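A.B. asks: Pasting in a structure now, in structure tokens, and then I'll have a few things to ask.
The values are calculated or read from the model by the stated rules, or taken from the named source; none is laboratory data. These numbers come from a predicted model, not from an experiment. Here the Cβ positions follow ideal geometry from the backbone for every residue, glycine too, while neighbour counts run over all protein chains shown.
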Amino acid sequence: MQFIEILGLFKMSLELLALVITFFAFLISYKGYSLTRRPVFARLSFAFIFISTNFLLQFFSDIFSLLKYGNVSYYFNVFSSFFEMLGFFFIAFSHMIRVYQEHRISFLPLVIINPVIAFKTLSLYFIFYAILESMISYAKMKSKTIILTVLGLIGFSLNILLSWISEFTVYPIILQVFALVFQAFGVIAFFVPIWIYYSGVR
Amino acid sequence: MSYRHQVRIVSDILLAVKEGHEDGVGVAQLMRKANISYTRLIKILNELISVGLVEEIKSERSRKYRITYLGLEYLAEYERFSTFARNFGLEI
């Protein structure tokens, strides 16, 4: 088995793990919305179901790529990037609403180039915004788990950034390895709030 | 300044009632601890009693309120969701 195939399998396993974790985050958010009817949980439900769908489509994209169906894989990749962008948009949007409620001003610059890169760019903007606002929240709430969520978001953003750069490089393998490591970090960091919810630890 | 929504007000009242333990808490104390007006407090307390989250202890001289097991469960669940949102830098 070649290194590139091992890397592909690792990536697919990571996507499945991320799919499970984000789906659990969706279930908690949806339950939160059903019980409290607070819009923050509706936004988090949308965010996590879209991020979860992104991992599922990315998984299928990799399967089709492995089966040498390049075209099908490409379209799955486009849709996956779209859902990823939507998911991170809803996380950023939740922060925007919170900021708006606190009477501060926020804005998001937008750049569009081509489908995958445009969605990745938008995802990056949304993640950076969420990171920034999460850090402000940490300064206010002093909850250590927020730091972990911030690190998770940084992991996801570096994964997106490196995958984005690897589209333009001749030998993208090293960048893809680092992208996967950062994605793994992001997935693990996002697992912590779910673990806290189910274990009841504060 | 952000306003308190209904879910937050209910949890504040339940927390204040919980502090009274088995003896219960009077209306004046609840108004002070939950920072709420008399009319609104009585309206919410009646709703909480009707759904079984709080029970009323009536005596000749006073009327006190005590949290039920269901109320404690509600508070614990509220805290779990609140922590979940807070871990993403958000508030309920």
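A.B. asks: Got at least one residue in the range B:78-89 being in contact with a helix residue (DSSP H, G or I) (Cβ under 9 Å, 6 or more places away or on another chain) and over 27 Å from A:Ile91 (Cβ atoms)? Give the steps one after another, and end with the answer.
C.D. replies: Applying the first criterion (in contact with a helix residue (DSSP H, G or I) (Cβ under 9 Å, 6 or more places away or on another chain)) to the range B:78-89 yields B:78-89.
Then keep just the ones that are over 27 Å from A:Ile91 (Cβ atoms); that gives none.
No.
A.B. asks: Which residue pairs have Cβ atoms closer than 8 Å, lie 6 or more positions apart in sequence or on different chains, and pair a first residue in the range A:175-202 that is away from chain B (no Cβ under 14 Å) and at negative phi with a second residue that is surrounded by fewer than 16 Cβ atoms within 10 Å (Cβ to Cβ) and among the polar types (S, T, N, Q)?
C.D. replies: Note: pairs meeting the criteria are A:Leu175/A:Thr169.
A.B. asks: With respect to A:Thr145, is the statement that it is within 14 Å of chain B (Cβ to nearest Cβ) and crowded, with 17+ Cβ neighbours inside 10 Å true? Steps first, answer last, please.
C.D. replies: On the way: within 14 Å of chain B (Cβ to nearest Cβ): yes; crowded, with 17+ Cβ neighbours inside 10 Å: yes.
The answer is yes for A:Thr145.
A.B. asks: Related question: I'd like to know if the range A:40-54 contains one or more residues that are over 14 Å from A:Phe90 (Cα atoms), within 14 Å of chain B (Cβ to nearest Cβ) and surrounded by 19 or more Cβ atoms within 10 Å (Cβ to Cβ).
C.D. replies: No; the residues of the range A:40-54 include none that is over 14 Å from A:Phe90 (Cα atoms), within 14 Å of chain B (Cβ to nearest Cβ) and surrounded by 19 or more Cβ atoms within 10 Å (Cβ to Cβ).
A.B. asks: Among the residues of the range A:85-99, write down those that are modelled with pLDDT of 85 or more and over 17 Å from A:Val150 (Cα atoms).
C.D. replies: A:Met85, A:Leu86
A.B. asks: Residue under question is B:Lys43, and the condition is that it be at pLDDT below 90 and away from every other protein chain (no Cβ under 14 Å); does it hold? Give the derivation first.
C.D. replies: Numbers: at pLDDT below 90: no; away from every other protein chain (no Cβ under 14 Å): yes.
So B:Lys43 does not fit the description; no.
Conditions tested, residue by residue: (1) at pLDDT 85 or above; (2) among the charged types (D, E, K, R); (3) in a helix (DSSP H, G or I).
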| residue | (1), (2), (3) |
| --- | --- |
| A:Ile113 | no, no, no |
| A:Ile127 | yes, no, yes |
| A:Ile154 | yes, no, yes |
| A:Ile165 | no, no, yes |
| A:Ala179 | yes, no, yes |
| A:Gly186 | yes, no, yes |
| A:Pro193 | yes, no, yes |
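A.B. asks: Would you check if there is a residue in the range A:27-37 being crowded, with 18+ Cβ neighbours inside 10 Å, at pLDDT below 90 and under 30 Å from B:Gln6 (Cβ atoms)?
C.D. replies: Yes, that holds for at least one residue.
A.B. asks: Which ones in the range B:31-56 are within 17 Å of B:Leu75 (Cβ to Cβ), of a type in the set (Asp, Glu) and touching a Phe, Trp or Tyr at 6+ places or on another chain (Cβ under 9 Å)?
C.D. replies: Matches in the range B:31-56: B:Glu55 only.
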